[in-house]
Number of protein chains: 4
Amino acid sequence: MLRYLTAGESHGELLMGIIEGVPAGLLIRVTDIDNDLGRRQAGYGRGGRMKIEKDTVRILTGVRWGRTLGSPIGLMIRNKDWDNWRAKMSPDPSFLNTAEPVTRPRPGHADLAGALKYGIADIRNILERSSARETAMRVAVGAVAKRLMDEFGIGITSHVIAIGGVYAKGDRMSLKEVRKRAEASQLRCADQQAEKRMMHRIDEAARAGDSLGGIYEIIVSGVPVGLGSHAHWDRKLDARLAAAIMSIQAMKGVEVGSGFGVANKPGSQVHDEIFWGPKGGFFRRTNHAGGIEGGMSNGEDITLRAAMKPIPTLMKPLRSVDMVTRKPFKAAVERSDVCAVPAAAVVGEAVTAFEIAAALIEKFGGDSIDEMKRNHEQYRKYLKDRMGVEEAPV
Amino acid sequence: MLRYLTAGESHGELLMGIIEGVPAGLLIRVTDIDNDLGRRQAGYGRGGRMKIEKDTVRILTGVRWGRTLGSPIGLMIRNKDWDNWRAKMSPDPSFLNTAEPVTRPRPGHADLAGALKYGIADIRNILERSSARETAMRVAVGAVAKRLMDEFGIGITSHVIAIGGVYAKGDRMSLKEVRKRAEASQLRCADQQAEKRMMHRIDEAARAGDSLGGIYEIIVSGVPVGLGSHAHWDRKLDARLAAAIMSIQAMKGVEVGSGFGVANKPGSQVHDEIFWGPKGGFFRRTNHAGGIEGGMSNGEDITLRAAMKPIPTLMKPLRSVDMVTRKPFKAAVERSDVCAVPAAAVVGEAVTAFEIAAALIEKFGGDSIDEMKRNHEQYRKYLKDRMGVEEAPV
Amino acid sequence: MLRYLTAGESHGELLMGIIEGVPAGLLIRVTDIDNDLGRRQAGYGRGGRMKIEKDTVRILTGVRWGRTLGSPIGLMIRNKDWDNWRAKMSPDPSFLNTAEPVTRPRPGHADLAGALKYGIADIRNILERSSARETAMRVAVGAVAKRLMDEFGIGITSHVIAIGGVYAKGDRMSLKEVRKRAEASQLRCADQQAEKRMMHRIDEAARAGDSLGGIYEIIVSGVPVGLGSHAHWDRKLDARLAAAIMSIQAMKGVEVGSGFGVANKPGSQVHDEIFWGPKGGFFRRTNHAGGIEGGMSNGEDITLRAAMKPIPTLMKPLRSVDMVTRKPFKAAVERSDVCAVPAAAVVGEAVTAFEIAAALIEKFGGDSIDEMKRNHEQYRKYLKDRMGVEEAPV
Amino acid sequence: MLRYLTAGESHGELLMGIIEGVPAGLLIRVTDIDNDLGRRQAGYGRGGRMKIEKDTVRILTGVRWGRTLGSPIGLMIRNKDWDNWRAKMSPDPSFLNTAEPVTRPRPGHADLAGALKYGIADIRNILERSSARETAMRVAVGAVAKRLMDEFGIGITSHVIAIGGVYAKGDRMSLKEVRKRAEASQLRCADQQAEKRMMHRIDEAARAGDSLGGIYEIIVSGVPVGLGSHAHWDRKLDARLAAAIMSIQAMKGVEVGSGFGVANKPGSQVHDEIFWGPKGGFFRRTNHAGGIEGGMSNGEDITLRAAMKPIPTLMKPLRSVDMVTRKPFKAAVERSDVCAVPAAAVVGEAVTAFEIAAALIEKFGGDSIDEMKRNHEQYRKYLKDRMGVEEAPV
C-alpha cells in the first residue's frame, strides 16, 4: 500500500508531504523532483507569482545517500515570499488579527462553500488551502512515483490539446515524440500550429481581463498488463485514475482512451481488436480503450484526458456578495494567471504516476526495488511462456 | 464511514452485498430496492436476458421490522437461471471440467488482461465477475443510500442525453421534470424527439449486428452546502464521484457541470456568480460548476455526466486470437443487448447516491437517523443565522 | 489488500461474509471451513444452543470447481432455529411489534452503551449483533485464510492455558504437539492434569450459576521472516494482531511472546540471542519475543495470548436497571454456557490467520497462488544467498 | 476520519508529522505540545541523549493565529545533534559511504528481520526508523488530540504500575489524584513507596549493565457513552486502542480494565452491575470492564494497561551473529537508558488520545469545533431525556 498526505497553505511557510510505502533502495535525487517542479511553473500565460518563486524541494526523511530506506519520505517546499506573509499566516496566536479578514467569496472558488461548511468568518482560512499552490507538493510526490516507474521501464508524459476552444491536431504519436514536442513548447502543445493560435487566444484573454481553460492528455507507456483489477469496483485502475485527476484543483472532466467520443461510434469501431505476434505476443492496432479494459491495464499505452476550467480569479469582475454585509460586490483582481493548463498537465502526470506506482507495488510486492524487480522478472517469464513468445512483452 | 462490498459471478447462484455503516432507524423496504432493480433492467434495445430475469432483492441482515439496526445490511439477488448453470459454475470441485474452458478473449472486455494477470486458463473465470451483471447489486446498495438521502430531502435522478451520436436537447430542467420525462421514456431520455431518433439508431445498429454507447446525466437536488472537502485531495466530493462513476463497467469518461465544455469558454462565462436573497440566502443563477466548487457541494444541484462505450459483445465479428492455439478467430455472439445506456444511468444514480450518503454521514455523524437529523437541523439553524435569512437553505 | 465484512444477527436468518482480495487458484472446500466451525462449537461447559446448531457454511461466490477466482468470496451460515425467530427478527415491517421489546440491559454486554449510542428503544436491536454468534462467520473467513497460509507451509493452532484461575503447565511444545493434545482435549488444553481441574472448576461454576473466563494461546509456525513492518505504526504486525484479537467479543487482554511477563525480568533475560547455522541460517534458542521484533515476524513461531472474561449471561443474578421504568432488577438467565474459552481460542486462530494471510499478500503480491509462490520462492532463494546457507529458511 | 503519518529517522535532520482531519477552530499552541514532549523525556533511569536533546515542536501548517483551519496540520521536531550526523545520514548521494555499515544485528531489535525483509546491507537503514525516537512525533500528534478531547471535558493521564518486578499498590484513585501523584514522581508512579523500590531496582540494573521493563496504565475520564461500535469488528474501540498501544516500540501486552485478571474470577465478580440515579443517570460502582463494553465506551473511565519489555540495548553483552561474516559476537553498548517505562506511558497517552479523538469525530462530525460541540450538546440533551435525569451525564 502506497499513500501520501500533503500539508500547507498557499502563503504559509512551506508545503509538506509524506509518502509512505515506497520500497527500499530506490534512487531519488533532489534534481529529479526539482525538474518537475520547474515544469509545473512554466507555461505561457502565467502571472507574476510563478516567476518570483522557483520551487525547490528538500528531501528530509526516508532517503539516505540517495536511496530510499523503506521508511516514510518527507518532503518540503518553502514558500519564497514567506517573510511578507509571516504575520498574516503565522500559527502563533500573538499575531491574531494582524490582517483584515476576507469576507468576499469569489465565484468558482471553494470560498463560499468552505466558509459555510467550516464555520469560518475569514475566508482566507479556506482559500489558503484550496489554492492550486498545494499541487506543487503533489508534483514532488509524483516525481518519486515516476522514479519507481522508471525502474520498470514505464514512461509518462503530458501534452496540452486544447486551450480556450483552440484544439491541437489529434495525430497519434509515440510517447517519445509527444514528450519531445511538449517539452519544447511554451504551452506543452505538440502541435506547433495550434500552439501559436493558443498563444494568440491567451493574449486576447489577457487583454480582456479574462482567463482560459483547456484540455490536456496524459500518456503512460510500458505499463505491464494486469495493473488494477476487475474484481471489485474500488480496485479498478480507471476508477482510481479518475479520482486522482478529478482531485486536482479546477478539473471538471476526465476521460480514458476515446472518452466521450465513444458515444458517437458503433461498437465495431470502438473496441480494439486483438492480434498476436511471435515477438511481443498479444497486441492491438488501435487503442480506443486507452490501455484499460475491465479496470485493468491491457499492455497498451494508458491515455487519459482532463478538462480544466478557466482560472476563476479574473481581472474582469464577477458578481458576488459579501458574507458579512450581504451586499453585492464585483470580484476582481489586479493581476493573475490567464491560463494554467500546461501546469495542470504536469500535475496530472504526477497524480497518475502515483496511482501507477501504487498499482505496481500491489502487483509485485513492495519491500525493496530488488525484490520488486525479481517478482516483475518472474511475471515477465510467465507471460513469455503463456504467450509463447521469444521476448517478454513488458 | 460508509462502505460496501459486493460478491457474485454473472452466472453464479446469486449476487451478495454487504453495506456497513448505515445508521440505525432508517426505514428500508424490499420494494424500495426492487423498484430500482426494475429500472436497471428496462430500456429499449436490451437483449433477452433482461426479460428472463426480473431481479428481486432479499434483505437478509441489518434490518428488523423495516428499520435498520446500525449493523451491516446484507443483500442478495438470486440468478433466475442458476439451474442451467449449476454444474458449470458450482463451487464444488466434484463438477470439475463439466464445461469447456473459454480460451478466446473478446475485444473490449476484461478477458485478455484478466486471464494474464490472474494466471487463469479458462477466461470464464474472469468474465463472470467482470460482467455488468455485478451492477445489479450496486443498484441495490444505492437504493439503500437513496433512502438515507431521502430523509434529508435530497433527490436524485438520471437521464440519457446521447446514444450513438444522437444528442438530446440541452434544455435546463428541474429534477422533477427530468424525472417525470425520463421515467416515461423507454430510453430514459427527457427529449421525446431525440428519443425517437435514438430508437431508430438502435434499430439500425441491431440490424447491423452492432452496438451503441452514449452519455447520461445524473442530477442530485437538495444537497446541503459543505459535503466533501477542499482540505485533502482524497476528500474531494468530485474526486470520489468520478471514481464511483468510472468504476461502472464500460464507462470511459465522467464530467461535472459543464465538464469538457469549460475548455471552450473564457472564465467570465464559466464561473457561477453569487447572489443573495432574504429567503434562501446565497444562490447562483447559473450552475456551470455542477454544484461542486473546491471539492465541496455548494448547495446547487450536483450534475454529472458519464460516457459509456458500446457493449463489446457484438453479433458483428471482431478479430481476436485464441489464447491456447494463438490462432486468430472472429469474436461474435448470437444474441446480445444493442444498447445499455439507460441501464447504466440507473447504475450511475446508485453509485452517486452511495457517495452522497457517505458524505452525509461524515458531515452529520452516523449512529442513528434521529441523531443525524438533529445534527442536520442544527447545521440548518447555523446556516440561517450565518446567512441572515428567514428560512434555512437546506 | 485483503479485507472482509461480516453481516448477520444472532437470531437472524443467517450470517454472511464477503472476503475480498483472495488470490486466484486457491483450493477451498466446504469441509475445510466446516471443520473449523465444528471446532468452534466444541468444548466442555457449553450450553444447549451449541448442541442444537451444528454450523455449516455455504460458499456462494468467488469459488468455482473448488478454486478461488480472485473475485470476492461470499459465505453464508444459516441459523438452524430461524423458524422460531422469523417473526421476531424479520426484516419485513409487517411483523412490527410481534415481540416484546427488551428494555433491561445486562451487565457486561453491549446492551446499555449500544441502546444509548444508537437511540434504540428495544435492546434486542443491539444484542443481536453484539452477540458472539457473529464469530462463527469470522471462523469461516479465517478458514479461508488458513488455506492460504497452508500453501506456504504456515501452520496455526491454539490451546487453552487457563480457566477460572486454573493454569496449565507452561512447557514449551512444538505446534504439532500442542495441536495433537489440544484437539484431543474437551477444553483445548494441552495439559491433561490441568484440564481435569478446569473441568472440575467449570462444574463448580455451573452449580453456582456462575461463569468462567480464561486465557488461550495462539501459535503460528513457519512464518517467513519479514511480515509486517517497522516503518509505520499501523503496519506493525503485532499492532494488527492485537486489534484482531481484541476485536473478538469478551477479550480483555492480548500479549505477544512473554507479554506482561517482560515486566518482571531484566533485559538480559528477555531478549532472544541470535545464532547462525549452516542449515537454517539465523535462529534463536529462546522466543520471548513471540516471533515478532520491530513489528515484523522474525522467523520464529508467533505466539499470542488472549484473556477472555467470563460469559456475562449468568444464572446467578446481577443487578441492573430497566431503561424504561428506571427500576432496578436482577438480570439472570435460565440456561447458558458456563465457559467459552475453547471456542474463543478457535476464533482467535481465525482472526490471526486473516492478518497473517493479509501480510503474506502484501509481501508477495496477491493475484494468484502460482504468482505468490513464485515470488515466495524468489525470496527464499534470496534469503539462502544472503544467509549463506544450504537450505532456504522459510 | 482522522489520520496521521509520521516520518523521520532517529539521527536524521528532523521528525515530521501530518495530522489530517482535525476540525477547524481548535486552539493549539506550541506549549501544549512541548509540554508533552518534555514529559516524554523525563524519568529516572534515562541515559544521556534525553538530557542533550530537549525536544520542541514547530507547527508549520494547518494552524493560523493559534486556531486550526481544518486543513492538515504539519509538525516538525528537529534533532539537536544533527550536525554530528549530517554526513552519515544525509539524503544526498554525495555523502555515500561516509560511515561504516552496521552489520551486527542486536537481539530484541528490528535489525535482523528488517535487514532481511528490505534487502538492506547496512542495518543502520533499519534501526534509524525502528528506534523509539519516532514516538516523539506521536506524542506531538497526541497532544493535538488531547486538545480536542479537552474541548469535550475528556481528560487523560498515565502512571507506572510496575518496573522490573516491583509493583505499585492497586488503590483506585481518581484521574485527578493519579495525575497529581504521577506528575510529581520521577517514575510517573502514584505510589511513593513503590517508586522508591523501583528506583532502587533501576540502580541495581544500571550497575549490572542491564535494563528493565514494566507496566503502565492509561486512564481516560469523561468519555461520553457510545464511542466505537459493536457493529463491526474493526470499529470496536478496544480493538483500535489495542492496536495503537501495541504499535508503540517495545510493547508486548495490552489489557483493558481487569485484563488478564478476568481469567481468575467468576463472572459474578467481573461484570459491572448497573445502577441509576436522578443526577447522572446510569452508572457503575465497579469498573472491571475498563469503560468499554461491546466495543463501545460505556461512560465510565477507560483504563488500559501496557507491558513494555526492557530496553534491548544493554551494556551487558548479548550474543548475536554478524550478517556479513556470520561470525558470532557479543552485542553491547557503552551507555544507554536503563528504563523507559515512564516515557512509554506518555507515548501511550498520546496514541490513546488519537483514537479517542478519532472516535469523537466519527460520532459528532468533524468540520469545526463549534459544530462538534453543537452536536455533542444535542446528544447530551437526548441522553438527559432518555435517562430521565436532571443533568446530562457527559
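Please tell me if D:V139 is in a helix (DSSP H, G or I) and within 20 Å of the chain's Cα centre (by Cα). Yes; evaluated as a whole, the condition is true for this residue. In the stretch A:87-102, the qualifying residues are those that are surrounded by 15 or more Cβ atoms within 10 Å (Cβ to Cβ) and out of contact with any helix residue (DSSP H, G or I) (no Cβ under 9 Å at 6 or more places or on another chain), and the one that is farthest from the other protein chains (Cβ to nearest Cβ) is A:S90.
The set of residues in the stretch D:220-249 being closer than 12 Å to D:G299 by Cα and among the β-branched types (V, I, T) consists of D:V220, D:V223, D:V225. Just checking, does the stretch B:353-371 include any residue being part of a strand (DSSP E or B), within 26 Å of the chain's Cα centre (by Cα) and more than 30 Å from A:T325 (Cβ to Cβ)? Yes; the residues of the stretch B:353-371 include at least one that is part of a strand (DSSP E or B), within 26 Å of the chain's Cα centre (by Cα) and more than 30 Å from A:T325 (Cβ to Cβ).
Being without any contact (Cβ under 8 Å) to a residue 60 or more places away in the chain, more than 7 Å from every other protein chain (Cβ to nearest Cβ) and not in a loop (DSSP other than H, G, I, E, B): is that true of A:G290 here? It is false that A:G290 is without any contact (Cβ under 8 Å) to a residue 60 or more places away in the chain, more than 7 Å from every other protein chain (Cβ to nearest Cβ) and not in a loop (DSSP other than H, G, I, E, B). Among residues of the stretch A:367-382 that are within 14 Å of chain D (Cβ to nearest Cβ), those with a beta-carbon under 7 Å from a residue that is open to solvent by 10 Å² or more (accessible area, probe 1.4 Å) and modelled with pLDDT under 95 at least six positions away or on a different chain give the pairs A:M372/A:G366.
Being open to solvent by less than 10 Å² (accessible area, probe 1.4 Å), more than 27 Å from B:H109 (Cα to Cα) and modelled with pLDDT of 95 or more is not true of B:L241.
Within the stretch B:223-247, residues that are at the interface with chain A (Cβ under 7 Å from one of its Cβ atoms) reach partners that are modelled with pLDDT under 95 and assigned to a loop (DSSP other than H, G, I, E, B) with beta carbons closer than 8 Å, at six or more positions or on different chains, in the pairs B:V225/B:P393; B:V225/B:V394. The set of residues in the stretch C:72-86 that are within 24 Å of the chain's Cα centre (by Cα), surrounded by fewer than 21 Cβ atoms within 10 Å (Cβ to Cβ) and outside any strand (DSSP E or B) contains only C:K80.
Yes or no: B:A190 in contact (Cβ under 8 Å) with a residue 12 or more places away in the chain and more than 30 Å from A:L116 (Cβ to Cβ)? Judged against the criteria, B:A190 is a match. Taking the criterion of being under 21 Å from D:A307 (Cα atoms), more than 9 Å from every other protein chain (Cβ to nearest Cβ) and part of a helix (DSSP H, G or I), the only residue of the stretch D:205-222 that qualifies is D:A206. Quick check: is even one residue across the stretch A:268-281 of a type in the set (F, W, Y), in a strand (DSSP E or B) and either at pLDDT below 95 or surrounded by 24 or more Cβ atoms within 10 Å (Cβ to Cβ) (or both)? Within the stretch A:268-281, not a single residue is of a type in the set (F, W, Y), in a strand (DSSP E or B) and either at pLDDT below 95 or surrounded by 24 or more Cβ atoms within 10 Å (Cβ to Cβ) (or both). Just one of the numbered conditions (1) outside any loop (DSSP other than H, G, I, E, B); (2) under 30 Å from D:L127 (Cα atoms); (3) open to solvent by 10 Å² or more (accessible area, probe 1.4 Å) is not true of C:G153: (1). For the stretch C:1-23, a residue qualifies if it is surrounded by 23 or more Cβ atoms within 10 Å (Cβ to Cβ), farther than 19 Å from A:I361 by Cβ and of a type outside the set (V, I, T), and the qualifying residues are C:Y4, C:L5, C:A7, C:G8, C:E9, C:G12, C:L15, C:M16, C:G17. Candidates are the residues of the stretch A:302-324 that are over 30 Å from A:G155 (Cα atoms), at the interface with chain B (Cβ under 8 Å from one of its Cβ atoms) and modelled with pLDDT under 95; the one that is surrounded by the fewest Cβ atoms within 10 Å (Cβ to Cβ) is A:K316. Test C:R188 against the stated conditions and say whether it is more than 7 Å from chain D (Cβ to nearest Cβ) and not in a loop (DSSP other than H, G, I, E, B). Here the answer is no, as C:R188 does not meet what is asked. Kindly indicate whether any position in the stretch A:246-263 is open to solvent by 10 Å² or more (accessible area, probe 1.4 Å) and under 24 Å from C:L2 (Cα atoms). Within the stretch A:246-263, none of the residues are open to solvent by 10 Å² or more (accessible area, probe 1.4 Å) and under 24 Å from C:L2 (Cα atoms). With respect to D:L127, is the statement that it is among the aliphatic types (A, V, I, L, M) and at the interface with another protein chain (Cβ under 7 Å from one of its Cβ atoms) true? Judged against the criteria, D:L127 is not a match.
Does C:L127 satisfy the criteria of being open to solvent by 10 Å² or more (accessible area, probe 1.4 Å), modelled with pLDDT of 95 or more, within 19 Å of D:G291 (Cα to Cα) and outside any loop (DSSP other than H, G, I, E, B)? Considered against the rule, which asks whether it is open to solvent by 10 Å² or more (accessible area, probe 1.4 Å), modelled with pLDDT of 95 or more, within 19 Å of D:G291 (Cα to Cα) and outside any loop (DSSP other than H, G, I, E, B), C:L127 comes out as yes. Within the option set A:L69, A:L60, being among the aliphatic types (A, V, I, L, M), facing another protein chain (nearest Cβ under 10 Å) and crowded, with 24+ Cβ neighbours inside 10 Å holds for one residue only, A:L69. In the set (1) within 30 Å of C:E100 (Cα to Cα); (2) open to solvent by less than 20 Å² (accessible area, probe 1.4 Å); (3) facing chain D (nearest Cβ under 9 Å), the condition left unmet by C:A340 is number (3). Against the conditions (1) within 27 Å of D:I311 (Cα to Cα); (2) touching a residue at least 12 places away in the same chain (Cβ under 8 Å); (3) open to solvent by less than 50 Å² (accessible area, probe 1.4 Å); (4) at the interface with chain C (Cβ under 7 Å from one of its Cβ atoms), D:I161 satisfies every one except (4). One residue alone among C:A239, C:A289 is touching a helix residue (DSSP H, G or I) at 6+ places or on another chain (Cβ under 8 Å) and under 22 Å from D:K117 (Cβ atoms), and that residue is C:A239. Within the stretch A:3-13, the presence of a residue that is modelled with pLDDT under 95 and among the aromatic types (F, W, Y) is excluded. Look at C:R285 and say whether it is in a loop (DSSP other than H, G, I, E, B) and either at the interface with chain D (Cβ under 7 Å from one of its Cβ atoms) or free of Cβ contacts under 8 Å to residues at least 60 places away in the same chain (or both). Here the answer is yes, as C:R285 does meet what is asked. No other residue among A:D122, A:D171, A:D111 is more than 14 Å from chain B (Cβ to nearest Cβ), among the charged types (D, E, K, R) and free of Cβ contacts under 8 Å to residues at least 60 places away in the same chain apart from A:D171.
Identify the residue in the stretch C:172-212 that is among the basic types (K, R) and surrounded by 15 or more Cβ atoms within 10 Å (Cβ to Cβ) and, among all such residues, is farthest from C:Y44 (Cα to Cα). Among those that are among the basic types (K, R) and surrounded by 15 or more Cβ atoms within 10 Å (Cβ to Cβ), it is C:R179.
Of the set (1) touching a strand residue (DSSP E or B) at 6+ places or on another chain (Cβ under 7 Å); (2) open to solvent by less than 20 Å² (accessible area, probe 1.4 Å); (3) under 22 Å from B:S90 (Cβ atoms), all apply to C:A143 but (1).
The values are calculated or read from the model by the stated rules, or taken from the named source; none is laboratory data. As the structure is a computational prediction, the values presented were derived from the model and not from experiment. Here Cβ is always computed from backbone atoms with ideal geometry, including for glycine, and neighbour counts include all displayed protein chains. All accessible areas refer to the heavy atoms of the entire protein, side chains included, with ligands and DNA or RNA removed. Shrake-Rupley method; radii C 1.70, N 1.55, O 1.52, S 1.80 Å.
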